[in-house]
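What follows is a short report on a single structure.
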Amino acid sequence: MKNPRSNAPRLIGNVSISSLAAMLLLTGGTLHGADWPQFRGLLCNGVSDESAVPTTLDTNKDLAWKADLPGRGLSSPIIIGDRVFVTCCSGSKQQRLHVICFLATDGSKLWERQFWATGRTMCQSKTCVAAPTPASDGKRIVAIFSSNDTVCLDLEGNLMWFRGLGRDYPNASDSIGMSSSLLIASGVVIAQVESDSDAFTAGLELDTGVNRWKIARPHKANWTSPILLNSGGRELVALLSSSGVAAIEPATGKVVWDFSGSGSSIPSGAASGGVLFVPSSRGLTALQLDASGEKPKQLWQSSRLRTGTASPLILGEKVFTLSDGGILTCGAAATGERLWQLRLKGPFSATPVAVGHFLYCVSETGVTQVVDASKPEGEVVSELDLGETILSTPSLSRGAIYFRSDAHLWKIGKSPS
Amino acid sequence: MIGHFARILVIFGLIGGALAGQPQEIADSIRAIRSVGPEGRGNAAAAAAWKKLAAGDATILMPILEGMDDANDLALNWLRAAVDSVTGRVLGAGGSLPLHDLGMFLLDTRHNPRARRLDFELLTRIDAATADKLLAGMLNDPSTEIRYDAVQKVIHQAGQSLAASNKVGATLLFQQALNSARDARQIDDIAQQLGKLGQPVDTLKLFGFLTEWKIIGPFDNRGRKGFDAVYPPEQKIDLAAEYEGNAGKVKWRDYVVTQKYGKVDMNQPYGKLKDVTAYAMADFFSDRAQSVELRLGGKNSWKVWLNSNLLFGRDEYHFNSEIDQYPMPAQLQAGRNTILVKVCQNEQTEEWTVEWDFQLRVTDALGTPILSTATGRDTSTSIERP
């Protein structure tokens with residue numbers, strides 16, 4: 001019988017996940033292709049080349065474990081080897097910051113570290129201080145919070161460094177709450193800290209947390225996250241904002257190119273097959289990355305592919321957008337042509353993730369709908385109601401999908417880690 | 001600082017073998033961690049020192065907690081993480097923590113409030129019943145977190161009285177909670193409960209918002225340039241002066257706050273204008289020089305000066321606001337102090353962008369209102385807080 005996931009995209013952003021992992025090993029990192037080291041996974045695009053994640057979600061059959069969490073969080077779990085890391089916030093003003101490590105095999109808590117926020121913690125009620133997702137190079141975990149407190153721990157919970165970016169730069173915050181997730185590239189932690197009152201992106205030394213570089217950014221509130229680009233073999237990081245996209249060298253912060261035609265402040269971009277997909281209020285724009293790493297060319301712009309809070313997802317030749325209300329739109333990645341739409345049970349804040357041709361779309365009410373994107377009009381093939389508010393994007397690793405709410409962390413999928 | 005480390009060394013002496021014969025190394029480690037500063041300064045040395053502390057056994061906890069006294073907020077986080085590491089390992093291995101020492105540390109309110117809060121949480125892990133009983137006596141604790149929990153405990157008891165139809169009992173308990181509460185949201189919740197029980201609370205007085213202002217405006221803020229523009233009130237406060245404003249001559253006028261959360265609402269005197277800037281000035285009299293916090297709430301762009309010194313400013317419009325949104329440490333001088341607030345309104349026309357206001361109060365670090373002692377000021381507008 002043919003493997004239903006045989007159409008799984010093996011080439012993403014010009015490199016496969018496994019070859020990227022090999023590349024990271026060569027550059028000193030210790031990530032494995034099955035790790036999920038940051039927001040939307042190894043390539044920041046929400047796609048996994050796993051093959052054992054259940055597509056019929058059933059907690060009676062596939063719940064590996066469910067763990068209690070001590071506080072709120074919109075951040076995604078990240079998974080390194082047999083460890084799952086989650087951030088939370090608690091306290092009357094969400095001033096208590098938590099980083100917790102669970103054992104992936106049985107959900108037992110290995111360690112927890114708590115910190116007091118040194119920056120502002122005010123957030124709109126829908127979001128919270130533990131909104132950004134941590135990042136890892138395979139040896140260390142770096143977590144940032146809405147207060148812009150940034151902490152680096154090794155996998156055993158040893159504190160490597162602490163930065164109060166909100167303390168150092170007190171105007172780079174907003175009163176809704178910051179949410180930009182971290183990215184580690186070229187031994188540098190990329191922290192995009194952008195608000196109306198002050199805005200910067202910093203490259204922090206992974207070893208010590210001190211600034212390697214810090215660049216000024218548009219003074220506009222921005223909740224998007226940086227993403228990795230592989231442009232002609234050159235590793236770049238795309239910084240999205242409502243003003244457009246800037247691609248920087250992670251080692252230096254030098255802006256390599258700037259594209260001002262399209263931009264967003266909430267959904268992040270996604271790259272696949274040498275194309276960067278940029279959401280904006282006008283729809284979705286596809287930028288062909290230049291093989292020499294220079295400024296990309298616009299392939300198309302489509303007002304019929306509209307994102308909401310969720311970021312776009314690219315699966316092979318298809319691009320998907322999900323509106324806040326629950327309209328899943330499928331388009332042709334090459335042309336931007338809209339292919340089909342499917343109404344899901346919304347509303348949605350979390351970005352879908354994908355394995356093979358299956359999309360996992362988790363609604364704010366905690367209902368995950370698994371969509372078979374290979375069907376002519378898309379088809380919901382499974383639903384799972386976890387019964388709690390979920391605004392966090394799920395994570396995929398080693399045959400399992402992880403969900404987190406304000407109170408719990410679930411591992412669905414019983415494959416051995 | 002010397003005295004502080006001497007105290008640590010005394011503790012090392014008292015607990016003898018707890019430090020495996022290396023008290024100086026531990027003291028040096030704590031010192032290295034306490035040296036961390038802005039922009040990652042001292043992180044590398046602190047990381048090496050942290051490993052030494054985190055490798056200790058339970059007897060190292062008290063020296064670390066002591067080491068938190070007078071530490072900056074960055075160092076506090078390093079030290080608390082070391083405590084987390086030690087306690088996680090000790091308790092995970094079935095070991096015990098020094099209950100008596102932790103209890104005595106908690107009861108000594110001279111210690112760092114955050115160290116005592118951490119201590120309280122350790123105590124709760126190993127003897128929750130005792131910790132809970134101690135909490136009942138901590139309604140006026142200098143730790144905001146401990147005090148918050150103690151007040152919540154009384155609020156819970158008030159709720160139980162209410163559920164048992166004991167309204168008088170509930171009222172007394174809510175009032176007790178209100179007397180000790182310093183968290184703005186907690187205060188507001190209690191006030192609402194008392195209101196439902198027929199005991200309305202004057203929040204304007206309770207929070208101690210500044211109510212007597214002189215205001216002047218509007219000035220230009222087209223293109224949101226008013227935030228950086230320097231208009232005459234920033235250069236000199238002359239209450240008799242008249243200036244060229246946004247639409248003709250402007251001069252200072254009285255403004256008395258009546259809104260229950262202390263809002264200085266510029267829409268009231270000037271109308272619902274857009275692209276404008278205004279100033280509000282208040283005199284605040286202090287009987288002595290003292291450290292305070294000026295706490296501002298508002299969703300418009302603003303700047304605050306105390307005695308002509310800029311404290312802080314935010315160039316952000318219509319995101320969110322709450323009481324005590326921006327606490328600004330400040331130093332009052334004895335006698336008259338002048339507080340100047342610039343508040344800007346932008347060009348947005350959505351329904352949720354109408355507000356053009358701010359609220360401001362002066363408090364201690366805990367949030368207790370500090371009131372102006374001005375002669376002639378109606379001090380009856382304040383409520384005494386314990």
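The values are calculated or read from the model by the stated rules, or taken from the named source; none is laboratory data. Keep in mind that what you see is a predicted model, and the values were worked out from it rather than measured. Here the Cβ positions follow ideal geometry from the backbone for every residue, glycine too, while neighbour counts run over all protein chains shown.
Could you count how many residues in region A:242-283 are surrounded by fewer than 21 Cβ atoms within 10 Å (Cβ to Cβ) and of a type in the set (F, W, Y)?
So the answer is 1.
So A:V371 ticks every box in (1) within 19 Å of the chain's Cα centre (by Cα); (2) of a type outside the set (S, T, Y); (3) buried (at least 22 other Cβ atoms within 10 Å of the Cβ) but one. Which box is left unticked?
Only one criterion is unmet by A:V371, namely (1).
Rundown of residues vs (1) buried (at least 20 other Cβ atoms within 10 Å of the Cβ); (2) modelled with pLDDT of 95 or more; (3) under 17 Å from the mean Cα position of the chain (by Cα); (4) not in a strand (DSSP E or B), yes/no style:
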site: A:S76; (1), (2), (3), (4): yes, yes, yes, yes
site: A:F85; (1), (2), (3), (4): yes, yes, yes, no
site: A:G107; (1), (2), (3), (4): no, yes, no, yes
site: A:F115; (1), (2), (3), (4): yes, yes, no, no
site: A:R120; (1), (2), (3), (4): yes, yes, no, yes
site: A:I141; (1), (2), (3), (4): yes, yes, yes, no
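B:G103: crowded, with 22+ Cβ neighbours inside 10 Å, more than 10 Å from chain A (Cβ to nearest Cβ) and under 30 Å from the mean Cα position of the chain (by Cα), yes or no?
no
Just name the residue that is nearest to the chain's Cα centre (by Cα) out of those in region A:38-74 that are assigned to a strand (DSSP E or B) and under 30 Å from A:L229 (Cα atoms).
A:V47
Picking from B:R295, B:R314, which residue would you name as being among the basic types (K, R) and in contact (Cβ under 8 Å) with a residue 60 or more places away in the chain?
One residue alone meets the criteria, B:R295.
For region B:106-158, which residues satisfy the criterion of being touching a strand residue (DSSP E or B) at 6+ places or on another chain (Cβ under 9 Å) and not assigned by TED's automatic domain parsing to the domain that holds B:N72?
B:E145 - this is the single residue of region B:106-158 that is touching a strand residue (DSSP E or B) at 6+ places or on another chain (Cβ under 9 Å) and not assigned by TED's automatic domain parsing to the domain that holds B:N72.
Tell me which residues, restricted to region B:292-303, are within 18 Å of B:T368 (Cβ to Cβ) and within 11 Å of chain A (Cβ to nearest Cβ).
Matches in region B:292-303: B:G297 only.
Go through region B:68-88 and give me each residue that's more than 18 Å from A:L153 (Cβ to Cβ) and more than 7 Å from every other protein chain (Cβ to nearest Cβ).
Selection gives B:M68, B:D69, B:D70, B:A71, B:N72.
Can B:K251 be described as touching a residue at least 24 places away in the same chain (Cβ under 8 Å), out of contact with any strand residue (DSSP E or B) (no Cβ under 8 Å at 6 or more places or on another chain) and closer than 14 Å to B:G217 by Cβ?
So B:K251 fails the test.
Those residues that are in contact with a helix residue (DSSP H, G or I) (Cβ under 8 Å, 6 or more places away or on another chain) and within 8 Å of chain B (Cβ to nearest Cβ), I need them from region A:157-180; list them, please.
A:G157, A:N158, A:L159, A:M160, A:W161, A:F162, A:R163, A:G164, A:R167, A:D168
For region A:240-255, name all the residues that are of a type outside the set (A, V, I, L, M, F, W, C) and closer than 18 Å to A:R212 by Cβ.
Those that are of a type outside the set (A, V, I, L, M, F, W, C) and closer than 18 Å to A:R212 by Cβ: A:E249, A:P250, A:T252, A:G253, A:K254.
Identify, please: which residue in region A:338-352 is modelled with pLDDT of 95 or more and farther than 15 Å from A:E377 by Cβ and is, among those, nearest to the chain's Cα centre (by Cα)?
Only one residue fits best here, namely A:T351.
If you take the residues in region B:304-348 that are away from chain A (no Cβ under 14 Å) and of a type in the set (A, V, I, L, M), which one is nearest to A:R167 (Cα to Cα)?
B:A330
Hey, does region B:266-288 have a residue that's aromatic (F, W, Y) and out of contact with any Lys or Arg (no Cβ under 9 Å at 6 or more places or on another chain)?
yes
Do you know which of the residues in region B:32-67 that are assigned to a loop (DSSP other than H, G, I, E, B) and out of contact with any strand residue (DSSP E or B) (no Cβ under 9 Å at 6 or more places or on another chain) is nearest to the other protein chains (Cβ to nearest Cβ)?
In this case the residue turns out to be B:R41.
Which residues, taken from region A:204-213, are within 12 Å of another protein chain (Cβ to nearest Cβ) and either part of a strand (DSSP E or B) or in contact with an Asp or Glu (Cβ under 7 Å, 6 or more places away or on another chain) (or both)?
A:L204, A:E205, A:L206, A:V210, A:N211, A:R212 - these are the residues of region A:204-213 that are within 12 Å of another protein chain (Cβ to nearest Cβ) and either part of a strand (DSSP E or B) or in contact with an Asp or Glu (Cβ under 7 Å, 6 or more places away or on another chain) (or both).
For (1) more than 15 Å from A:F200 (Cβ to Cβ); (2) in a loop (DSSP other than H, G, I, E, B), each residue gets a yes or a no:
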| site | (1), (2) |
| --- | --- |
| A:I215 | no, no |
| A:N222 | no, yes |
| A:N230 | yes, no |
| A:A246 | no, no |
| A:W257 | yes, no |
| A:G263 | yes, yes |
| A:P267 | yes, yes |
| A:A271 | yes, no |
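Inspect all residues belonging to region B:145-168 and state whether any of them is surrounded by fewer than 15 Cβ atoms within 10 Å (Cβ to Cβ), of a type in the set (A, V, I, L, M), at negative phi and not in a loop (DSSP other than H, G, I, E, B).
yes
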